[in-house]
Every structure is written in C-alpha cells, then in structure tokens.
Amino acid sequence: MNKNSSNIMALVPNTSNKRETVCIFGTGDFGRALGHKLIQAGYPVVFGSRSTQISSLIPKDAEVLSHAEAAQKAAIIIIAIQRQHYNFLTSLAEVLRGKVLVDISNNLKINQYPDSNAEYLAQLVPGTKVVKAFNTVSAWALQSGTLDASRQVFVCGDDIEAKQMVMDIVRALGLTPLDQGSLLAAQEIENYPLQLFPMWKFPILLSLGLTAFFFFYCLIRDVIYPYVYENKDVSFFIAISIPNQICPVLALILLALVYLPGVLAAIIQLYRGTKYRRFPDWLDKWMLCRKQLGLVALAFASLHVLFTLVIPIRSFVRWRISSQTVSQALNNKTEPLNTTKAWLSDSYLALGILGFFLFVLLGITSLPSVSNNVNWREFRFVQSKLGYLTLVLCTAHTLVYGGKWFLSPSSYRWYLPHSYMLSLIIPCIVLVVKFVLIFPCLDKPLTRIRQGWERNPQYSE
Ligand code: NAP
C-alpha cells in the first residue's frame, strides 16, 4: 500500500518548487513576449533595460532594472537585443561572469557574419556560458500562443549544464527543445529562420520549368499546327486539353525523378566499390528533396484526375460524340464494338486508377504523423517497393494509352513526337536500370557494399 502511494507521488509533478528568476536584457518585441510567457509558466522575470521606466507594454509582474542590477538577480540572462548592440555587454563582464547567456538573435541574411552571433557573444564576454536558443520562435507566435508550426526550439552550447537549464525553461513554456550539440551549430541554427522552403525550391523550380516547356510544346503541336495546316481554331484546348496533357506528363517525369537518384547512387557505389565516399553535392541535394518531388508529382497526378473527370461534360466532347452518332444515323451504319480498343481503353483506365491509388498511399505515408508510426523497414517497403510499383503502373498507363499510335507517322507534327512519348523517356530509363540492378551479379556486390564491404579499401577516407 505504502509502496503504491509513493509511486503515485513520484508521478505527480512537484509544483511547490519555486522557479529560478530569469533575466531578460531588452524590452523589445521578443523580450516582452518571452517575459510574458515565462511569467505565465511561473518564472519571476526581471528585465535589464536602458530605461527603467515601466511601460504599459511590459508584463505587469515583471521588474525593470538597469542591466547590471537585473543581471545580479538571475543565473540565466536572455539577450533579447540585436547583435549590433552587443558591445555594451563588455562593460558588464564582471557581473556576467559565470552566468548563462542565452543568445536568441537572428540575422537579416544567411551567413551575414563570418562567425555566429552566439560565438561572437561568447568571445565578447568571456567567462560566461553561452547557449543558443529560441531564435526560430517568433515574438508573435509566443504572444498569440499559435506555436503549432514552431514548437521546436533548437538549442546548442558548449556547457552541458547551462544547456540543460535552458532546455528546462523551453519545456516549461510548453515547447520542445532539440539539442543540436556544441556552439559550433549556432551558425546553422541562425540560418534556419532565413531559409524559405529550402527543400521545395528545386522541385518547384523544376516543375515550373517543365510546365512552361510542355505548355509551349503542346501549344505548338496541338493548337498552332492544326491552325496552320487545317485552318482549325482549337485554341480552347488551352483551358483543359493542354493542362490535362501537362499534368500527367509532369506527374510521371517527377515520379521517375524521385527514383532516378537512387539508381544513380547505386551505379556510383558499384563503380567505386565502396559506400564510404561522399556522393557529388548535386546528387546529395537531389536525394534530400525526393519527398518534395514526389508530393509535387502527386499534386499533378491529382489535377490530371480532376481534369479527366470533367471530360464527359465538355462541350467539345459532347459535340464530337453527337456528331459521330448523327453521321452513323445518316449513313445508316453502326460501328461494331472494337473489343481490342475496349480492352486497351479499360486497361489504360484500370492502370491509371491503381497507379493513382498507390501514388496517394505513398503521399500519405510520407506525412510525418504517419511515417512516425511505422518502423524504418516498413517505411522503406512503402517508399521503395510500392514506389516502384507506382512508377511501373503509371508508366504502363501511359504506354497503353499511346500504344501503336505513338509510332504512327501522323502523330509526329512538325517532327515533334507526342508529349506522352517524351514523358516516357526518364521512367523507362529508371525502370530498365533498376531491373538490371536486380540481377544477382549486381545486386549481391551492391548489398555487400551497402553493408560496409569495400572492393578497394584504399578508397575509404
Ligand atoms: P526590438 O523590438 O528592436 O528590441 C530590441 C531591444 O534591444 C530594444 O527594445 C532595446 O531594449 C534593446 N536595445 C536596442 N538598442 C540597444 C542598444 N544600443 N544597447 C542596448 N540595448 C539596446 O527587437 P526584437 O524583435 O525584440 O528582437 C530582439 C532579438 O530577438 C533580436 O536579436 C532578434 O533577432 C531576436 N528574435 C526576434 C524575433 C521576433 O519575432 N521579434 C524572433 C526570434 C528572434 P531597451 O530599450 O529595453 O534597452
């Protein structure tokens, strides 16, 4: 009975523990927002400011003192001041000795200074323990409580105890500290808030470039060519027909580009006979944004589905069907059902539906909330095995759609092949090379290399 009750007691947080005073230098936007949050979490807060006059903006339970007086009251001092104003801290070196200084500053440009702000602070006030934290959280998010997107606080510092103290404060504020190691990591942490969708840049620029290319390609082939040679105005193709060609073409190419770097990496490893040499930078970067490439591909595939669903209600399509019916009635002749054509059309649709289903499954499993709940083997199974199956189905969907028609001379307008033919080049290369890599004579050495075996050990660094 006693044992049980002591266990229960151990699970109940000790709320009677008085929190240590936290000092904040600077009563600007961030200092005030953080002060407010700290007071809510039960920390006594004292501000160090150039002006000790209490303003209505400052949290009501906080004290405002001169920098020196405020620093004496706390073991942790959060420097909520821009880097360019740090100089005055040298005059406080004696008061600050042995204290934990939390650098929360950001810059205006990536790698603006040769050293990080936190390292600069550490060398400006020697004898202090500098910890980098909070720079990826905005004052607005702290104040409004909308911290869902930025609950993670990257923390780094050379003094483990000091880092621990700061991480305790981070946790007490309801945030999640992520230990990034020593103060050397500060430069990278300071660059985080300046990066604009770093992993999305390449996939988005690539898809914009490909969209522009295929738009003009289809425009020339499907709108300008009929106008020049047949005097037909089909400019309305720009609204649905051309986008419905571009979307599947891009979905297939981008999906293949998700798997191409893996195939290239395998060839490089086989050639080098080791996995211990770095891949070229471009390949490393390409591999890092495969998830984003896949999600952009999924977006194009979804658009293709939507564009395809509206085909029956298009005026042009309804006109074509009714004119075919009328011409059959006028000629008093019905066309017999072409079962080969029906087979091809149904297979093409079935392959598309299955391919899209797996595509969506891949997209869902790449979501952090799902991928966090599967182990590494399950994740690899879905992303690699099901991913290749998706690529096979989508490639087959395009091949069956084109069929013999791709090879007919009439499909080459101005010697330009149909865009679907172009879209098949990269997926077919990826699938053929992947198929070759499955052969035991290549698969076995590759598996050994990936397990650490080296053909020429002198290559390892
Ligand atoms: P701010 O509103 O401009 O406030 C900076 C404060 O620094 C001023 O209120 C002032 O406080 C003090 N100060 C200004 N000039 C000074 C000088 N010459 N000597 C000593 N102190 C001086 O800036 P903030 O937005 O609060 O940002 C503060 C720090 O937090 C910056 O390093 C910023 O990069 C970082 N940060 C801000 C955000 C954000 O959302 N705002 C997010 C992450 C990180 P007193 O008048 O009380 O002396």
* Quick one: how many residues across the stretch 413-449 are open to solvent by less than 70 Å² (accessible area, probe 1.4 Å), under 30 Å from TYR227 (Cβ atoms) and not basic (Lys, Arg)? -> 9
* To do: Determine which single condition GLN112 fails, assuming it passes every other condition in (1) closer than 17 Å to ALA33 by Cα; (2) surrounded by fewer than 18 Cβ atoms within 10 Å (Cβ to Cβ); (3) within 12 Å of the ligand (Cβ to nearest atom).
  => (1)
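Taking the criterion of being more than 22 Å from the chain's Cα centre (by Cα) and not in a helix (DSSP H, G or I), would at least one residue in the stretch 401-412 satisfy it? I'd like the intermediate steps shown before the answer.
From the stretch 401-412, those more than 22 Å from the chain's Cα centre (by Cα) are 401-412; that's our starting set.
Filter once more, so that each one left must be not in a helix (DSSP H, G or I): 408, 412.
Scanning the stretch 401-412 turns up at least one residue that is more than 22 Å from the chain's Cα centre (by Cα) and not in a helix (DSSP H, G or I).
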* **Among (1) in contact (Cβ under 8 Å) with a residue 12 or more places away in the chain; (2) open to solvent by less than 50 Å² (accessible area, probe 1.4 Å), the one test that LEU354 misses** => (2)
* Asked: Does GLY402 satisfy the criteria of being out of contact with any Phe, Trp or Tyr (no Cβ under 6 Å at 6 or more places or on another chain) and open to solvent by less than 30 Å² (accessible area, probe 1.4 Å)?
  -> no
* Does LYS341 satisfy being open to solvent by 80 Å² or more (accessible area, probe 1.4 Å), assigned to a helix (DSSP H, G or I) and out of contact with any strand residue (DSSP E or B) (no Cβ under 7 Å at 6 or more places or on another chain)? -> yes
* Select from the stretch 48-89 the residues that are outside any loop (DSSP other than H, G, I, E, B) and small (Gly, Ala, Ser) and list them in ascending order. => GLY48, ALA68, ALA70, ALA71
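Out of the stretch 23-40, which residues are within 11 Å of the ligand (Cβ to nearest atom) and within 15 Å of LEU173 (Cα to Cα)? Please lay out each step first, then the result.
Pass one, the stretch 23-40, residues within 11 Å of the ligand (Cβ to nearest atom): 24-35.
Correct list: PHE30, GLY31, ARG32, ALA33, LEU34, GLY35.
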* Asked: Of all residues in the stretch 379-399, how many are closer than 15 Å to ARG290 by Cβ and open to solvent by less than 40 Å² (accessible area, probe 1.4 Å)?
  -> 7
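Considering every residue within the stretch 316-330, establish whether at least one is surrounded by 15 or more Cβ atoms within 10 Å (Cβ to Cβ) and either in contact (Cβ under 8 Å) with a residue 40 or more places away in the chain or not assigned by the TED database to the domain that holds ASN244 (or both).
For the stretch 316-330, residues surrounded by 15 or more Cβ atoms within 10 Å (Cβ to Cβ) and either in contact (Cβ under 8 Å) with a residue 40 or more places away in the chain or not assigned by the TED database to the domain that holds ASN244 (or both): absent.
Between LEU306, LEU252, which is open to solvent by 30 Å² or more (accessible area, probe 1.4 Å), of a type outside the set (Lys, Arg) and in the same structural domain as ILE364 (by the TED database)? So that I can check it myself, show each step before the final result.
Details: LEU252 fails: open to solvent by 30 Å² or more (accessible area, probe 1.4 Å).
Checking each option against the conditions leaves just LEU306.
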* Close pairs (8 angstrom Cβ cut-off, 6 or more residues apart or separate chains): closer than 14 Å to ALA122 by Cα and near the ligand (Cβ under 8 Å from one of its atoms) in the stretch 78-91, of a type in the set (Ser, Thr, Tyr) and open to solvent by 60 Å² or more (accessible area, probe 1.4 Å) anywhere -> ARG83/TYR113
* **Breaking point among (1) open to solvent by 100 Å² or more (accessible area, probe 1.4 Å); (2) closer than 30 Å to VAL223 by Cβ; (3) under 29 Å from the mean Cα position of the chain (by Cα), for TRP376** => (2)
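Output the number of residues of the stretch 50-77 satisfying the condition of being over 23 Å from ALA141 (Cα atoms) and within 12 Å of the ligand (Cβ to nearest atom).
Residues of the stretch 50-77 that are over 23 Å from ALA141 (Cα atoms), as a first pass: 50-54, 63-75.
Going one step further and asking which of them are within 12 Å of the ligand (Cβ to nearest atom), we end up with 50-54, 64-67, 70.
The total comes to 10.
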* Evaluate the stretch 286-299: report whether one residue or more is at positive phi, open to solvent by less than 80 Å² (accessible area, probe 1.4 Å) and modelled with pLDDT under 95. => no
* Filtered residue count, the stretch 92-109, keeping only those that are in contact (Cβ under 8 Å) with a residue 40 or more places away in the chain and either more than 14 Å from the ligand (Cβ to nearest atom) or open to solvent by less than 70 Å² (accessible area, probe 1.4 Å) (or both) -> 7
* Take ASN191 and decide whether it is modelled with pLDDT under 95 and either among the small types (Gly, Ala, Ser) or under 23 Å from CYS289 (Cα atoms) (or both). => yes
* Among all residue pairs at least 6 apart or on different chains, which show Cβ distances below 7 Å where the first residue, located in the stretch 122-137, is not assigned by the TED database to the domain that holds LEU96 and the second is away from the ligand (no atom under 14 Å from the Cβ)? -> none
* Working only within the stretch 391-410, note down all residues that are hydrophobic (A, V, I, L, M, F, W, C) and at pLDDT below 80. => TRP405, PHE406, LEU407
* Options LEU184, LEU194, LEU175: the member that is surrounded by fewer than 23 Cβ atoms within 10 Å (Cβ to Cβ), within 12 Å of the ligand (Cβ to nearest atom), farther than 18 Å from PHE25 by Cα and of a type in the set (A, V, I, L, M) -> LEU194
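The values are calculated or read from the model by the stated rules, or taken from the named source; none is laboratory data. Just so it is clear, the structure is predicted and the values come from calculations on it, not from any experiment. Methodologically, a virtual Cβ is constructed for each residue, glycine included, from the backbone with ideal geometry; neighbour enumeration extends over all protein chains shown. To get the accessible areas, we keep the full protein, side chains included, count just its heavy atoms, and leave off ligands, DNA and RNA. Shrake-Rupley method; radii C 1.70, N 1.55, O 1.52, S 1.80 Å.
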